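So the structure is just underneath, and the comments pick up after that.
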Amino acid sequence: MIQSFNKINKVSGKLSLPGDKSISHRALLISSLADGKSYIKNISNSDDVNSTINCLRELGIRIEVDNNETIVFGSGFKGYQKPFKPLNAGNSGTTARLLAGILAAQNFESTIIGDESLSSRPMKRVIEPITQMGSRIESSDVKLPLKIFPVDNLNSIKYAMPVASAQVKSAILLAGLHLSEQTSVIESIQTRNHTENLLGLSVAKEGNDVISSVSRSNYPVAKEYFIPGDISSAMFFIVLTLLTKNSELLIKDISLNPTRIECLSLLKRMGGNIHIEEKGISNNEIYGDLLVKSSDLSNVKIDEEIIPLIIDEIPILVIAGIFAEGAFQLRGATELRVKESDRIKAICRNLLKIGLDLKEYEDGFSFLGKIKKSFEPFASFGDHRIAMAFAILSLLMNGGGSVEGFDCVSISNPNFLEQLSSITH
Ligand code: S3P
């Protein structure tokens, strides 16, 4: 499906967005492990989170999804049922990797499969630590499908992360949740900490290292969750507002988790007028309101250490970079090559269509110059964040633009177009 966009004149109004995708996955998984009913408000309505719901249902978990509230009837310790068929994680890396950790600790055999994109993504990073814990996993070339066999006992580990990945860290912590001895994960850069927050884990700092620890004593009880709005989805509207003249947008009850808002700090360093107001905290997750106003932006140096903290927002930060003064440069971001698409390739192929002076590197890219031409449609590469980033670019270009394969936006935000039309004029 090709979606066309006309240039907009103004952004105004306010938005409340469905819950953060990463927090929603974890609230579902953790609720499914607890004994009894958990109530989740403002859960993400994304295809990815639906993949987690579907897998949990295959594992015998009853989940009632309502507009206002999702009820999860948790099974208690090792209470999942052996699934009748492979668990399909769809496009969702978070579903596949976090479930692998939980399933390693169950008493039955299970298989995780996914769509074409997910089946080409690396799983060695999760197989390795879980195997160190004593699990037996068969895979095809360390990719999906993963076949996870029951073992008599897992052992706890102390694991220093070789790649910055919240999914791998969470898989280890969720496996460790089933063991009486303490399991620890050591990170040199702290990735998103939602698993730690929702389980109330202890997190220690030793020099530059951040150490998250878990044991059976942290096993969850059934409770209520409020999921703050998805900051990664909000970023598309934030950048659109900053780059449109005479515009102002209020975004309500959005996640302000410190491990997620480096993207806002970066935009502020670029000159973005973004006012952040913290309003509350739910299950250790901070949320609040953002007031965003039109701004003149300049490109700034992006330090390699912050890349894991802005990894999902890079496609839309690139769009900000096109309209900002000076050259944009991103290096040290090889991880982008193993996301829902090869995002370095996807971004560069699309940027070539607007005639920028572009250089592609194995670990990033740089560009300079103004939009000279437009050979659209832009290509989504079946990747939701690429589709939405180039939709925003289309809305900002004289003469508008279009994006091919746009339906993949439902992977993270099925209501993107409605939200957009409610704030644009
Ligand atoms: C996520 C972690 C990140 C991120 C992904 C969601 C999570 O992936 O890119 O969209 O919910 O834990 P990695 O763990 O591969 O860095």
What do you get for trypsin sites (Lys or Arg not before Pro) in the range 36-142 restricted to DSSP loop and a cutoff of at most 14 other Cβ within 10 Å of the site's Cβ?
LYS78
Per residue, how many Å² of accessible area does the range 21-225 show with a 1.4 Å probe?
40 Å²
Given only helices, namely DSSP H runs of n ≥ 4 each adding -39500 (n - 2.57), what is the per-residue ellipticity at 222 nm of the chain, to the nearest 500 deg cm²/dmol?
-9000 deg cm²/dmol
Chymotrypsin sites (Phe, Trp or Tyr not before Pro) restricted to the range 345-395 and DSSP loop, no more than 14 other C-beta within 10 Å:
PHE375
I'd like the distance separating the alpha-carbon centroids of the range 403-425 and the range 89-136, in whole Å.
30 Å
Neighbourhood charge, 13 Å Cβ-Cβ cut-off, centred on ASN218 and excluding it, Lys, Arg +1 and Asp, Glu -1:
-1
Rank these by accessible area, largest first, 1.4 Å probe: GLU376, GLU340.
GLU376, GLU340
By how many nm would the segment from LYS147 to GLU362 grow when fully extended, if each residue of separation counts as 0.36 nm and the alpha-carbon distance is taken off?
74.2 nm
Report the full-extension gain for the segment LEU417 to LYS268: residue separation times 0.36 nm, less the Cα-Cα distance, to one decimal in nm.
51.0 nm
Per-residue accessible area, 1.4 Å probe, largest first, puts THR424, THR241 in the order THR424, THR241
Would you work out what percent of the accessible area of the range 21-225, with all protein chains in place, is carbon or sulfur (probe 1.4 Å)?
43 percent
Check each of the trypsin sites (Lys or Arg not before Pro) in the range 366-397 and keep only those in coil by DSSP with at most 16 other C-beta atoms within 10 angstrom; list them in order.
LYS370, LYS372, LYS373
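The values are calculated or read from the model by the stated rules, or taken from the named source; none is laboratory data. Quick caveat, the model's predicted, so the values are computed rather than measured. Ideal geometry is used to build each Cβ from the backbone, glycine not excepted, and the neighbour counts take in all protein chains shown. The accessibility values were calculated without ligands, DNA or RNA, using every heavy atom of the protein model including side chains. Shrake-Rupley method; radii C 1.70, N 1.55, O 1.52, S 1.80 Å.
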